[in-house]
Each structure stands twice: as structure tokens, then as C-alpha cells.
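Trainee: To start, I am sharing the structure in question, which I have written as C-alpha cells.
The values are calculated or read from the model by the stated rules, or taken from the named source; none is laboratory data. These figures come from a predicted structure and were not determined experimentally. When we count neighbours, we look across all protein chains shown, and the Cβ atoms used for this are built from the backbone with ideal geometry, even at glycine. To get the accessible areas, we keep the full protein, side chains included, count just its heavy atoms, and leave off ligands, DNA and RNA. Shrake-Rupley method; radii C 1.70, N 1.55, O 1.52, S 1.80 Å.
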Amino acid sequence: MKWLLILLLTACQPSSVQFLNSNILGQGLKTEVPLRTADGQFLQLNAPNADVTAVFFGFTMCPEICPTTMGNLKIVKQQLPNLRVILVTLDPERDIAAVLKQYTAAFGNDFIGAYTDLPSTQIMAKDLGIRFEKVGTGAFYMLNHSANLYLIDKQGRFRVSIPYGTKPDAIAHDVRQLINERP
């Protein structure tokens, strides 16, 4: 009888996930800034979704960090096709819808490019602790920016922060933890 009670109590406990990267649930990251996808649809990062979401904040003219991260996400998505991948641009002046659509399609036809205007991008970045700054002038300026990738659970909560350079297998592990998590 004692073992049955222990088994029932254990089954009623919330699942404990073990991430390889940083669990950021307690930080309460969220933003109310609405985005628009490259296809013209509205997107809210914190909205519940049927799939786990990987979101990266970068820009299409980034020479190394952004394409490397997106390439890693392509590998992860091949293992986990239900993963939703979103690139939110920090450079809305150059990353117009058509540019975002072409860039994200190079990594996967269902990768989502999202944007808003510059003042709203700055608000969103502040809400989420993302840092970025314009470096240089003219058409060929660059952006210095935070390089972490974030996983958002099915309830729309920012759950995991993944540093730049993390291997696809470690990213996939944490995505699986969220996919298999009991509500």
C-alpha cells in the first residue's frame, strides 16, 4: 500500500526537466511587442503555441554569428521537425520582409523571419535583455548584438538560454526536454 501511495504521488508531481543550457524560467522574460512575419502575419513571441519555439535575435547581414546559429538550428530541425524556428531581426532598416523571407528560406522553408519597426525593436530588446548597437555609418554598418538563442515552451514562456557556439546535439536535447514536458 505504501508503494502505491508513493507511486501515485510521484505521478502527480510536475515533470522535472534537465537542461544542458541555462533554465531562465525564473527570470520571467516576456514582451508584448507584436511582430510581423515576412509573410505578413502577426506574431506574438509569448503566445502559447502547439510547438516549442527556438528564437534568435540577429540580422541578415551578420557575417558569422547569425548564419552559424541558423545553420545549427537547421540541423536541429532536421532531427525535430516540429520545432518552430524564428529569426527576429535587430536591423529592421535593412531587413525588410522580402530580405527576411529569402534569408530564412536558405535555412528552411518553414523558418520564420519576423520584424517590427526600430523603436519597437528597441523596446522588445529591453524587455528581453537583448543588447544591440549599430557600429559604423552608411549602407555597410554592422550590429554588435547578444548572441544567445532562446527556447520558448508551448505555454509561451522563455525557458532556456543557449549561448553562441552550442552544438546542435545540446540544443536538440533541451528542445526534446520541452517537447516531452508534461503540462
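Trainee: One residue is enough: does the stretch 129-139 have a residue meeting the conditions surrounded by 14 or more Cβ atoms within 10 Å (Cβ to Cβ), under 20 Å from LEU43 (Cβ atoms) and touching a residue at least 40 places away in the same chain (Cβ under 8 Å)?
Mentor: yes
Trainee: If you go through the stretch 146-159 one residue at a time, do you hit one that is of a type outside the set (Lys, Arg), farther than 23 Å from LEU43 by Cα and in contact with a Ser or Thr (Cβ under 7 Å, 6 or more places away or on another chain)?
Mentor: Just the residues of the stretch 146-159 that are of a type outside the set (Lys, Arg), to begin with: 146-153, 155-156, 158.
After this cut, where a residue has to be farther than 23 Å from LEU43 by Cα as well, the list is none.
No, the stretch 146-159 has no match at all.
Trainee: Moving on to the next point. If GLY165 satisfies every condition in (1) surrounded by 13 or more Cβ atoms within 10 Å (Cβ to Cβ); (2) closer than 22 Å to PHE19 by Cβ but one, which is the exception?
Mentor: Here GLY165 clears every test but (1).
Trainee: THR137 passes all but one of (1) at pLDDT below 95; (2) polar (S, T, N, Q); (3) more than 29 Å from GLU93 (Cβ to Cβ); which number fails?
Mentor: That leaves (3) as the condition not met.
Trainee: Answer with yes or no whether TYR115 is touching a strand residue (DSSP E or B) at 6+ places or on another chain (Cβ under 9 Å) and without any contact (Cβ under 8 Å) to a residue 40 or more places away in the chain. Walk me through how you get there before you give the answer.
Mentor: On the way: touching a strand residue (DSSP E or B) at 6+ places or on another chain (Cβ under 9 Å): yes; without any contact (Cβ under 8 Å) to a residue 40 or more places away in the chain: no.
So TYR115 fails the test.
Trainee: Test TYR150 against the criterion of being under 16 Å from ASN21 (Cα atoms), in contact (Cβ under 8 Å) with a residue 40 or more places away in the chain and open to solvent by 50 Å² or more (accessible area, probe 1.4 Å), and give yes or no.
Mentor: Numbers: under 16 Å from ASN21 (Cα atoms): yes; in contact (Cβ under 8 Å) with a residue 40 or more places away in the chain: yes; open to solvent by 50 Å² or more (accessible area, probe 1.4 Å): no.
No.
Trainee: Would a scan of the stretch 81-88 turn up a residue that is within 17 Å of the chain's Cα centre (by Cα) and without any contact (Cβ under 8 Å) to a residue 12 or more places away in the chain? Full working, then the answer.
Mentor: As a first pass, look at the stretch 81-88 and keep what is within 17 Å of the chain's Cα centre (by Cα): 81-88.
Cutting the leftovers down to without any contact (Cβ under 8 Å) to a residue 12 or more places away in the chain gives us 81.
Within the stretch 81-88, one or more residues are within 17 Å of the chain's Cα centre (by Cα) and without any contact (Cβ under 8 Å) to a residue 12 or more places away in the chain.
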